[in-house]
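> My questions will all concern the structure given below.
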Amino acid sequence: MCAPAIMAVAAVYSAYSQYQQGVSEQKMYNYQTDISRQQGAAALAQGQKQSELIQDTAKLQGKQQATKTAEALSSQRAAMAAMGLDPSSVSAQDLASSSMSKAQMDEAAIRYNADVNSWESNRQGQLTNWQSNVMADQYKYAGKQSKQAGIINAGGTLLSSAASYGMSKWLAGQYRIPKTTTFSPQSPSSGYAFAFRK
């Protein structure tokens, strides 16, 4: 009478352990899901901040370039005036125009490089965010599967234990060991014998 109770307790304990293992794995995967989403959001924010920093740096470099250009043009005018050249002459205007074109190209190159680097920084942040969200979805799915596996394994353990117990009862009912009335130490067939119940 004690053996069936022990068998039942062992089956329930094993099933509960399998269920809890599935729940624990789901919690672990849910944690990894949260971490992955946080990493993606951090990468996206970092990409945006880096993009802003690149643009701000480019604006500062553009201002510095404009200041250098103005200083160079002033120096050219002063040098031409010191040499006695008319600042409105064609040669002076060509020189000033050439210097101004080069300065504008330098400023355009600064803006272009900033735009390219800014775009790349944003794109990298978005890509990392997307990858992190895909990984988070995979973790979430794995967590659901782990919990479901724990439930299925627990149910399988309970069913298997119930089937084993039922089979043992059925077999015990099919075979009985009757005691014979004659017992002779010399006779190998006397004593206990199996008999099938019909």
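> Hey, can you rank 74-84, 129-139 by average C-beta count inside 10 Å, highest first?
Working: 74-84: 11.5, 129-139: 16.6.
Per-residue mean Cβ counts within 10 Å order the peptides as 129-139, 74-84.
> Note down the relative contact order for the chain as a percent, whole number, built from C-alpha pairs under 8 angstrom at least six residues apart. Kindly include the intermediate steps, with their values, before the conclusion.
Working: 180 pairs, mean separation 76.8, N = 198.
Averaging sequence separation for qualifying contacts and normalising by length gives 39 percent for the chain.
> Rg/Rh for the range 2-167 to two decimals, with Rh computed the Kirkwood way over all alpha-carbon pairs.
Values: Rg = 35.8 Å, Rh = 22.3 Å.
Answer for the range 2-167: 1.61.
> Between GLN38 and VAL9, what length comes free when the chain is fully extended (0.36 nm per residue of separation minus the Cα-Cα distance, one decimal in nm)?
Values: separation 29, 0.36 × 29 = 10.44 nm, distance 4.30 nm.
Between GLN38 and VAL9, full extension yields an extra 6.1 nm.
> How big is the C-alpha Rg of the range 83-161 next to the rule-of-thumb value 2.2 N^0.38 Å, as a ratio? Show your work: numbers first, answer last.
Numbers: Rg = 33.6 Å, N = 79, 2.2 N^0.38 = 11.6 Å.
In units of the globular-protein estimate, the range 83-161 measures up at 2.90.
> Each residue of the range 52-67 in order: what ³J(HN,Hα) in whole Hz does its phi give by Karplus 6.51 cos²θ - 1.76 cosθ + 1.60, θ = phi - 60°, with x for Gly and Pro?
Once θ is set to phi - 60°, the couplings for the range 52-67 become 4, 4, 4, 5, 5, 4, 5, 4, 5, 5, x, 5, 4, 5, 4, 5 Hz.
> Neighbouring Cβ atoms within 10 Å as the yardstick, rank THR33, THR67 fewest first. Before the final figure, lay out each step's value.
On the way: THR33 21, THR67 10.
Lowest to highest Cβ neighbour count: THR67, THR33.
> Then there's this: Per DSSP H run of at least 4 residues, take -39500 (n - 2.57); add these up for the chain, divide by its residues and hand me the 222 nm value, nearest 500 deg cm²/dmol. Could you put the intermediate results ahead of the total?
On the way: 2 runs with 166 residues, N = 198.
My calculation for the chain gives -32000 deg cm²/dmol from helical runs alone.
> With only Lys, Arg, Asp and Glu charged, each at its Cβ (+1 for the first two, -1 for the last two), find how big the charge dipole of the range 2-167 is about the Cα centre; round to the nearest 20 debye. Each step should come with its number before you reach the end.
Numbers: 13 positive and 12 negative charges, 112 e Å.
Dipole about the Cα centre, nearest 20: 540 debye.
> Taking only pairs that are 8 or more places apart or on different chains, how many Lys pairs in the chain have Cα atoms under 19 angstrom apart?
10
> Considering the dipole of the range 2-167 built from charges on the beta carbon (Lys and Arg +1, Asp and Glu -1) around the Cα centre, which of LEU53, GLY125, PRO4 is farthest to its positive end?
Sorting the options by dipole projection puts first PRO4.
Every number here is computed from the coordinates shown, using simple stated rules; none is lab data. Not measured: the values here are computed from a predicted model. When we count neighbours, we look across all protein chains shown, and the Cβ atoms used for this are built from the backbone with ideal geometry, even at glycine.
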